[in-house]
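Following: one structure in structure tokens, then a few remarks.
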2 protein chains.
Amino acid sequence: MKVMEPVNIGIIGLGTVGAGTVNLLERNANEISRRAGRHIKVKGAAVRDAARPRACSTSSLELGTDPFELTDDPTIDVIVELMGGETLAREIVIRALTNGKHVVTANKALIAVHGNEIFRVARENGLVVAFEAAVAGGVSIIKVLREGLAGNCIEQVIGIVNGTTNYILSGMSKSGRPFDEKLDEAKRLGYAEADPSFDIDGVDAAHKLTILSSIAFGIPLDFANVYVEGITGITSQDIAYAGDFGYRIKHLAIAKRIDSRIELRVHPCLIPVEHLLANVDGVMNAILVVGDAAGPTVHYGAGAGAEPTASSVVADIVDVVRTLTTDPENRVPHLAFQPHSLSPLRGGPMGDVETAYYLRLLALDQAGVLADVARILGQRGISIESIRQRGTSSSDTPVPIVIITHRTLESRIESSIPELESLPSIAQKVVKIRLESMASHPE
Amino acid sequence: MKVMEPVNIGIIGLGTVGAGTVNLLERNANEISRRAGRHIKVKGAAVRDAARPRACSTSSLELGTDPFELTDDPTIDVIVELMGGETLAREIVIRALTNGKHVVTANKALIAVHGNEIFRVARENGLVVAFEAAVAGGVSIIKVLREGLAGNCIEQVIGIVNGTTNYILSGMSKSGRPFDEKLDEAKRLGYAEADPSFDIDGVDAAHKLTILSSIAFGIPLDFANVYVEGITGITSQDIAYAGDFGYRIKHLAIAKRIDSRIELRVHPCLIPVEHLLANVDGVMNAILVVGDAAGPTVHYGAGAGAEPTASSVVADIVDVVRTLTTDPENRVPHLAFQPHSLSPLRGGPMGDVETAYYLRLLALDQAGVLADVARILGQRGISIESIRQRGTSSSDTPVPIVIITHRTLESRIESSIPELESLPSIAQKVVKIRLESMASHPE
């Protein structure tokens, strides 16, 4: 196995996402090179103020203040633009491409406004500009639309794509508190900028919709044609009234194919409470895509934040590295990791599994049975979260007892069941169903 | 622009998914070649019984009964294996690879059991074996795990990946009816096989978990190490009791990294009703992935069916075609479609948009106001779905009136608002929020 030279990247901007990217590349260096087949090295970074403290270590990279030092450095293969803004960022990206470097960016405004030009320059130079992180943070919606749904005629793309507005609206909905208060809270928690107008006026969502609609329908990027309305007009009164009718109010980015027309619009919307999008809360994002073959699919995850956005930035870097490195006919390893990097499974017996448990017992005689059951579980260190006897007490009708335990080892539950079943007052086999705890929001 | 020869594919098996693939490639031929940069032609198909009627047209392809005629045909570039089963399918795939053909398959059993061998042969021949359709139908979960989350250390993959069991369990939950009845219903609707044991005993989910865990954690495919439990032991009583505690019962495929161990298990589970996975109903699938950087992401869509599965089969074919065709450094066009294929946006004015509407008015005097409001809306053909007056009636306290309209044109609403506001009894500007109807299940 030939060991290849690392791929050198230069990062422009070490703010939240830039620092997150440096940290992620360092923390998961092994897992990432098992997948990419090559080590990824942050050779240099350019920042506005080199003296400012950073949320990442900068000891192993060259830190400078001139982005063009990186775009012009012949040893750098990939420029990662994470500075934001349109004018200087555009100049940097064009220069990097002209110098033969692939580009990864998280900059939605740049792509929405200057994408047509940037992609033309990239094509002329045979280079990739990757921008997964520009829309919906850690959700791979660009990849899904460009590749996963490539067989479909896309009919609709409807998304909650701005974390700030969703945080404010779902906060107003949960607490009944007014817009201004929730906006202040969002600022305090770092979910809204000091000047939040790009988010709350819908411009950020419109940038993202511009990108999504272009790759969904095969139309050039056309930011000027998106209808944009923000959330500043939404009152807690309207949220409450909408709730009475069975709706939640969400700020949506909507692209719909209607016959040969395409509607592009960003505005608040009532949606039925039972719809998946109605239950996307806080800074989470979700995009509903309707394709003529796949039908509706929903793509949900954190829409912003250092690590989720860095997740997509690094995925784009890995994409570029895989393209540069592997057999072009076999760009992505079949099992995601390079074949020589697969590690053996270290499994374990089911007895070592830890979950909570639902147990159902049928008790013939209730008198002492609860005490017996509690004793048997307690002796094995199994603690009970709740216990309910179903139906009325009567010594000759068996009564179900339902128990939810706290998390415990399967082996403990398994050894307690025969003892429970041997109690004279227990009439049937004990029913055991595991109870899984799962995150659906970041901790 | 050089026009390239079409890519020729051979399809083994024209059952539900095979016929769906032929139909999809034909129906979306233009949209697909705009993306892939090349036309995709189904040159031939092999079936067991050539006389059997098919759910697709076979007039433009060579229909035979010998799959090896296709694997050995030098004019065919890609073999698409959609026959199912392990033994013959394995032989066909190995033969195709040995003959230098890329392979696309929807066969989870084949990959879970023989994948290690198949991928080795593919690598030796520099070929792709693509299998997005093997897990969760139209959901691009393979692509998301292999590429979209490539920067993450994956911690958990938890999925509802079997449509049959989910149809039965969510049906039992909604109706309170017993397992057997829902299983019969699933059979009648074509959601369960005549012999449903692979689905209801959890084997199908275990095949899919084997694949997902391998690409999530970088371990070889290891079907034998998955703990498997089906849903035949779940009673409507347990579903009801779990509901009382705030849980739903779902059949989950679970892969969890616990320190250096990896748990692989398939079994029924209680999950909190408010969790996104608890609200995945019928034959829909959803996979929760927790990465250390991206956090939790959820990927939701139809888990089976002709068109959703064909969507992933065609996406895989497009992947292969893009690899064969485009500049290897720029495999996927930046905007998903080939640059010369972008079509101009045909947008339209907001007045042409059709949605339902939420309107809030503040009425000073209720006496005749409802009649006036209804008349103004009615004159423009806007029909009212519901109308509510908030608070108590009193001539000097303004009372909010909230209206939900049926779908109508924005231009009609816009022209009615000034007239509503000019009513002497209306005290404030009218608040208008759009109400979007969106599918989240297939029609």
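Kindly indicate whether A:Leu364 is of a type in the set (A, V, I, L, M), assigned by TED's automatic domain parsing to the domain that holds A:Leu423 and modelled with pLDDT of 90 or more. The answer is no for A:Leu364.
The single condition among (1) part of a helix (DSSP H, G or I); (2) under 9 Å from the mean Cα position of the chain (by Cα) that B:Asp319 does not meet is (2). Here B:Val273 passes the criteria (1) more than 20 Å from B:Leu145 (Cα to Cα); (2) at the interface with another protein chain (Cβ under 10 Å from one of its Cβ atoms); (3) of a type outside the set (Asp, Glu) except the one numbered (2).
Considering B:Ala253, B:Ala294, B:Ala286, the condition of being more than 10 Å from chain A (Cβ to nearest Cβ), in contact (Cβ under 8 Å) with a residue 60 or more places away in the chain, crowded, with 24+ Cβ neighbours inside 10 Å and touching a helix residue (DSSP H, G or I) at 6+ places or on another chain (Cβ under 6 Å) is satisfied by B:Ala253 alone.
Scanning segment B:94-117 for residues that are touching a helix residue (DSSP H, G or I) at 6+ places or on another chain (Cβ under 6 Å) and in a helix (DSSP H, G or I) returns B:Ile94, B:Arg95, B:Ala96, B:Leu97, B:Lys108, B:Ala109, B:Leu110, B:Ile111, B:Ala112, B:Val113, B:His114.
When residues of segment A:76-93 are filtered for being in a loop (DSSP other than H, G, I, E, B) and either touching a residue at least 40 places away in the same chain (Cβ under 8 Å) or buried (at least 24 other Cβ atoms within 10 Å of the Cβ) (or both), how many remain?
Adding up the residues that qualify gives 5.
With respect to (1) more than 9 Å from chain B (Cβ to nearest Cβ); (2) assigned to a helix (DSSP H, G or I); (3) in contact (Cβ under 8 Å) with a residue 24 or more places away in the chain, the lone exception for A:Ala242 is condition (1). Only a single criterion out of (1) crowded, with 24+ Cβ neighbours inside 10 Å; (2) in contact with a helix residue (DSSP H, G or I) (Cβ under 9 Å, 6 or more places away or on another chain); (3) farther than 19 Å from B:Leu70 by Cβ; (4) not basic (Lys, Arg) is not satisfied by B:Glu181, namely (1). Screening segment A:297-323 for residues that are within 17 Å of A:Asn23 (Cβ to Cβ) and among the charged types (D, E, K, R) and picking the one that is nearest to the other protein chains (Cβ to nearest Cβ) gives A:Glu307.
Among the residues here, B:Ser173 does not qualify as surrounded by 15 or more Cβ atoms within 10 Å (Cβ to Cβ), within 13 Å of chain A (Cβ to nearest Cβ) and not acidic (Asp, Glu). Every test in (1) under 30 Å from B:Tyr300 (Cα atoms); (2) under 30 Å from the mean Cα position of the chain (by Cα); (3) not hydroxyl-bearing (Ser, Thr, Tyr) is passed by A:His340 save one, and that test is (1). Any residue at all in segment A:59-68 that is crowded, with 20+ Cβ neighbours inside 10 Å and within 14 Å of chain B (Cβ to nearest Cβ)? No - not one qualifying residue is present in segment A:59-68. Checking each residue in segment B:412-443 for being free of Cβ contacts under 8 Å to residues at least 40 places away in the same chain and among the charged types (D, E, K, R) picks out B:Arg412, B:Glu421, B:Lys429, B:Glu443. Taking the criterion of being assigned to a loop (DSSP other than H, G, I, E, B) and more than 10 Å from chain A (Cβ to nearest Cβ), would at least one residue in segment B:373-380 satisfy it? Yes, the conditions are met somewhere in segment B:373-380. Within segment A:34-54, if we keep just the residues that are in contact (Cβ under 8 Å) with a residue 40 or more places away in the chain and not in a loop (DSSP other than H, G, I, E, B), the residue that is nearest to A:Ile76 (Cα to Cα) turns out to be A:Ile40. B:Gly137 meets the conditions (1) over 17 Å from the mean Cα position of the chain (by Cα); (2) in contact (Cβ under 8 Å) with a residue 12 or more places away in the chain in every case but one. The failed one is (1). Selection of segment B:221-250 for residues being crowded, with 20+ Cβ neighbours inside 10 Å and of a type in the set (Val, Ile, Thr) yields B:Val226, B:Ile231, B:Ile234, B:Ile239, B:Ile249.
Results for (1) more than 7 Å from chain A (Cβ to nearest Cβ); (2) buried (at least 24 other Cβ atoms within 10 Å of the Cβ), shown as yes or no for each residue.
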site: B:Asn116; (1), (2): yes, no
site: B:Gly126; (1), (2): no, no
site: B:Val129; (1), (2): no, yes
site: B:Ala133; (1), (2): yes, yes
site: B:Val139; (1), (2): no, yes
site: B:Ile142; (1), (2): yes, yes
site: B:Asn152; (1), (2): no, yes
site: B:Glu155; (1), (2): yes, no
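For first residues located in segment A:94-117 and not assigned by TED's automatic domain parsing to the domain that holds A:Ser311 and at pLDDT below 95, partners that are surrounded by 24 or more Cβ atoms within 10 Å (Cβ to Cβ) and acidic (Asp, Glu) and lie 6+ apart or on another chain with Cβ distances below 6 Å do not occur. Against the list (1) in a loop (DSSP other than H, G, I, E, B); (2) hydrophobic (A, V, I, L, M, F, W, C); (3) assigned by TED's automatic domain parsing to the domain that holds B:Arg38, the condition B:Leu423 fails is (3).
For segment A:343-372, filtered to residues that are of a type in the set (A, V, I, L, M) and either part of a loop (DSSP other than H, G, I, E, B) or without any contact (Cβ under 8 Å) to a residue 60 or more places away in the chain (or both), the residue that is surrounded by the fewest Cβ atoms within 10 Å (Cβ to Cβ) is A:Ala371.
Checked against (1) surrounded by fewer than 17 Cβ atoms within 10 Å (Cβ to Cβ); (2) more than 27 Å from the chain's Cα centre (by Cα); (3) of a type outside the set (Asp, Glu), A:Ala29 passes all but condition (2).
Do you know which of the residues in segment B:1-26 that are among the hydrophobic types (A, V, I, L, M, F, W, C) and in a strand (DSSP E or B) is surrounded by the most Cβ atoms within 10 Å (Cβ to Cβ)? If you could, list the steps in order and put the result at the bottom.
Just the residues of segment B:1-26 that are among the hydrophobic types (A, V, I, L, M, F, W, C), to begin with: B:1, B:3-4, B:7, B:9, B:11-12, B:14, B:17, B:19, B:22, B:24-25.
Those left that are additionally in a strand (DSSP E or B): B:7, B:9, B:11-12.
Details: B:Val7: 22, B:Ile9: 27, B:Ile11: 30, B:Ile12: 27.
Looking at residues that are among the hydrophobic types (A, V, I, L, M, F, W, C) and in a strand (DSSP E or B), I get B:Ile11.
A single entry from A:Ala286, A:Ala315, A:Ala336, A:Ala278 fulfils the requirement of being of a type in the set (Gly, Ala, Ser), outside the structural domain of A:Val80 (by TED's automatic domain parsing) and under 27 Å from B:Val313 (Cα atoms): A:Ala286.
Here B:Gly218, B:Gly202 are screened, and the one residue that is within 18 Å of B:Val135 (Cβ to Cβ), surrounded by fewer than 22 Cβ atoms within 10 Å (Cβ to Cβ) and within 14 Å of chain A (Cβ to nearest Cβ) is B:Gly218.
The rows are residues; the columns are (1) in the same structural domain as B:Val280 (by TED's automatic domain parsing); (2) at pLDDT 95 or above; (3) among the aliphatic types (A, V, I, L, M); (4) not in a helix (DSSP H, G or I).
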{"site": "B:Arg146", "(1), (2), (3), (4)": "yes, yes, no, no"}
{"site": "B:Gly159", "(1), (2), (3), (4)": "yes, yes, no, yes"}
{"site": "B:Leu183", "(1), (2), (3), (4)": "yes, yes, yes, no"}
{"site": "B:Ala192", "(1), (2), (3), (4)": "yes, no, yes, yes"}
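The values are calculated or read from the model by the stated rules, or taken from the named source; none is laboratory data. These figures come from a predicted structure and were not determined experimentally. Neighbour counts run over all protein chains shown; Cβ positions are idealised from the backbone, glycine included.
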